[in-house]
1. Test of understanding: among P157, P75, which residue is free of Cβ contacts under 8 Å to residues at least 40 places away in the same chain, touching a Phe, Trp or Tyr at 6+ places or on another chain (Cβ under 9 Å) and on the phi < 0 side of the Ramachandran plot?
2. Among the helices (runs of 4 or more DSSP H) contained in segment 313-406, which hold 3 or more residues that are open to solvent by 70 Å² or more (accessible area, probe 1.4 Å), outside the structural domain of R153 (by TED's automatic domain parsing) and within 16 Å of ligand 1 (Cβ to nearest atom)?
3. For segment 105-133, how many residues are closer than 20 Å to A52 by Cα and outside any helix (DSSP H, G or I)?
4. Inspect all residues belonging to segment 379-402 and state whether any of them is within 16 Å of ligand 3 (Cβ to nearest atom) and under 21 Å from the mean Cα position of the chain (by Cα).
5. Are any residues in segment 292-310 farther than 24 Å from G447 by Cβ and either of a type in the set (A, V, I, L, M, F, W, C) or open to solvent by 40 Å² or more (accessible area, probe 1.4 Å) (or both), and if so, which ones?
6. Mind checking which residues of segment 52-81 are assigned to a strand (DSSP E or B) and hydroxyl-bearing (S, T, Y)?
7. For segment 431-456: of the residues being among the charged types (D, E, K, R) and surrounded by fewer than 19 Cβ atoms within 10 Å (Cβ to Cβ), which is nearest to ligand 3 (Cβ to nearest atom)?
Amino acid sequence: MTNAHQNQGRSQAGIASAVVGLQWGDEGKGKFVDLLAAEHDAVVRYNGGANAGHSVVVHGDRFSLHLIPSGILHPGKLAIIGNGVVVDPEKLIDEMDNLAKRGIDTSSLIVSDRAHVVMPYHKAEDEIREDLFKAARTESPKGSLSEIGTTRRGIGPAYAEKAQRATAVRMGDLLKQDVLRDRVTKACTVRSAMFRSYLPGEQDHGMHDALNAEKVLARMTTAAGRIGPRIKETTYLLHDLLAGGKRVLFEGANGTLLDVDHGTYPFVTASSVAVGGVGPGTGVPTQRVSKVLGIMKAYSTRVGAGAMPTELFDELGQRIRDRGREYGTTTGRPRRVGWLDLVATGYACMLNGATGLALTMLDVLAGVDQINICVGYRTPGGETSRFIPDGVELARATPVFKTLPGFKEEIGTARKLSDLPPNAHGFIDTVQATLGVPFDFISVGPGREQTLDLRK
Ligand code: GDP
Ligand code: IMO
Ligand code: MG
């Protein structure tokens with residue numbers, strides 16, 4: 001037993017920080033995790049899976065990361081996938097191979113042995129459920145409908161399996177043939193009964209194949225052969241890093257408004273997205289996280305179904321979508337676009353205890369004559385400045401806007417606050433005053449260098 005393991009109280013020497021998205025995902029978390037990774041020793045994912053798509057642009061080269069922490073582009077930093085993540089082993093190998101082809105060293109990657117595995121049958125189930133609900137879509141009551149519009153990466157079914165326990169497979173089980181065989185065989189047997197009426201069929205989305213236990217076992221055994229050496233205990237590892245004075249950065253996936261408890265349920269993802277997910281998702285107590293950087297765009301976007309009160313359906317929305325390249329990193333779907341919603345981002349700041357903010361995509365708003373910011377909702381029960389974390393109720397809310405004058409100047413080359421035009425200052429000041437949390441960064445483009453660092 002090492003000294004560090006005996007010291008259950010643990011030294012407070014190390015620093016733990018987190019990056020979380022304050023909207024419905026795609027706020028630019030990847031860019032800021034990459035930037036902050038330079039100041040940390042390890043970057044750790046605690047939630048979600050390959051539903052995430054984090055883009056990082058380095059010297060004009062674009063990297064899209066789904067499962068691998070966005071710190072991987074900095075040589076020598078530990079990249080840890082925590083136990084709260086659901087891991088598709090084949091996707092992880094693809095991602096490692098693609099990075100290797102581009103000269104990125106992924107040898108520092110570690111995957112928790114307690115992270116759950118996304119199996120082929122989880123992905124088929126995600127597809128079947130989404131198609132079923134799409135076919136059964138109803139427009140009434142408003143906001144209820146329909147499919148969730150998932151990324152179809154098997155995220156919901158994998159977390160459901162985790163909660164159901166008996167048939168779940170954890171990454172560590174990939175290295176234990178007897179356990180793996182037992183769980184996969186049971187999972188296939190249960191599902192074969194549940195999905196009987198689809199099997200085989202045109203609409204089975206590969207479920208028939210995915211329920212062939214021998215085939216699944218062969219695929220998982222091959223995958224385990226590749227990633228086996230990366231599968232490790234990570235909870236003591238993280239505590240040891242912190243006890244040794246290291247700096248650990250937690251990378252949130254998805255966005256706070258997609259949090260399974262606090263988001264616009266049921267149009268959410270299946271994990272704890274807000275910083276509270278760090279505790280269960282890594283074993284490091286959430287209160288150990290002393291800095292929480294909330295990432296927010298200068299407008300709103302959302303992919304998939306669910307209410308977004310400030311949504312723009314006109315030409316301006318399309319213009320923002322095109323200027324902001326608002327097409328999904330994971331699925332390529334066009335993102336829905338709307339005005340900035342400070343009711344929603346204020347709620348997300350509150351849930352996360354954000355200590356600082358990064359405003360992204362401010363450059364995208366250049367040339368917009370007048371900029372709207374949502375500061376309240378009109379609802380059947382009256383006006384409110386509180387968020388409504390319910391998909392059906394939120395669909396009944398309409399925004400109360402504050403209108404600010406826009407700015408014409410392109411700002412992609414700005415490097416300090418004084419480079420920004422007066423109306424951009426007006427926008428920043430209004431947002432900051434309303435949220436009551438300081439801006440640590442303003443981002444004016446995807447590049448690392450297109451960042452105003454206001455911390456100093
Ligand atoms: P994430 O999921 O939160 O990491 O965000 P995504 O990577 O899915 O989407 C954000 C997109 O915006 C990516 O294509 C980034 O390269 C890009 N991006 C980040 N910050 C800025 C910015 O300030 N301006 C512009 N124009 N693009 C940005
Ligand atoms: P990053 O980390 C944007 C959305 C999906 C869907 C809902 C549920 O790139 O910000 P799921 O596949 O998780 O069951 O889908 O959540 N969603 C995201 N939207 N960015 C993400 O991740 C997302 N992860 C999930 O579009 O509406
Ligand atoms: Mg994304």
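1. Numbers: P75 fails: touching a Phe, Trp or Tyr at 6+ places or on another chain (Cβ under 9 Å).
After ruling out the rest, the residue left standing is P157.
2. 315-323
3. Residues that pass the stated criteria total 11.
4. no
5. Filtering segment 292-310 for residues farther than 24 Å from G447 by Cβ gives 292, 302, 304-310.
Selection gives V292, A305, A307, M308.
6. As a first pass, look at segment 52-81 and keep what is assigned to a strand (DSSP E or B): 54-58, 61-65, 78-81.
Residues satisfying the conditions are S55, S64.
7. We begin by selecting, within segment 431-456, every residue among the charged types (D, E, K, R); these are 440, 448-449, 453, 455-456.
Within this subset, residues satisfying the condition of being surrounded by fewer than 19 Cβ atoms within 10 Å (Cβ to Cβ) are 448-449, 453, 455-456.
On the way: R448: 17, E449: 21, D453: 22, R455: 24, K456: 28 Å.
Checked segment 431-456; the qualifying residue nearest to ligand 3 (Cβ to nearest atom) is R448.
Each row is one residue, and each column tells you yes or no for (1) open to solvent by 10 Å² or more (accessible area, probe 1.4 Å); (2) in contact with a helix residue (DSSP H, G or I) (Cβ under 7 Å, 6 or more places away or on another chain); (3) over 15 Å from G328 (Cβ atoms).
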{"site": "K31", "(1), (2), (3)": "yes, no, yes"}
{"site": "E39", "(1), (2), (3)": "yes, no, yes"}
{"site": "A42", "(1), (2), (3)": "no, yes, yes"}
{"site": "N51", "(1), (2), (3)": "yes, yes, no"}
{"site": "V56", "(1), (2), (3)": "no, yes, yes"}
{"site": "F63", "(1), (2), (3)": "yes, yes, yes"}
{"site": "H66", "(1), (2), (3)": "yes, yes, no"}
{"site": "A79", "(1), (2), (3)": "no, yes, yes"}
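The values are calculated or read from the model by the stated rules, or taken from the named source; none is laboratory data. Everything quoted here is computed from the prediction, not taken from an experiment. All Cβ positions, even for glycine, are placed from backbone atoms using ideal geometry, and neighbour counts span all protein chains on display. Note: areas computed on protein heavy atoms with side chains; ligands, DNA, RNA excluded. Shrake-Rupley method; radii C 1.70, N 1.55, O 1.52, S 1.80 Å.
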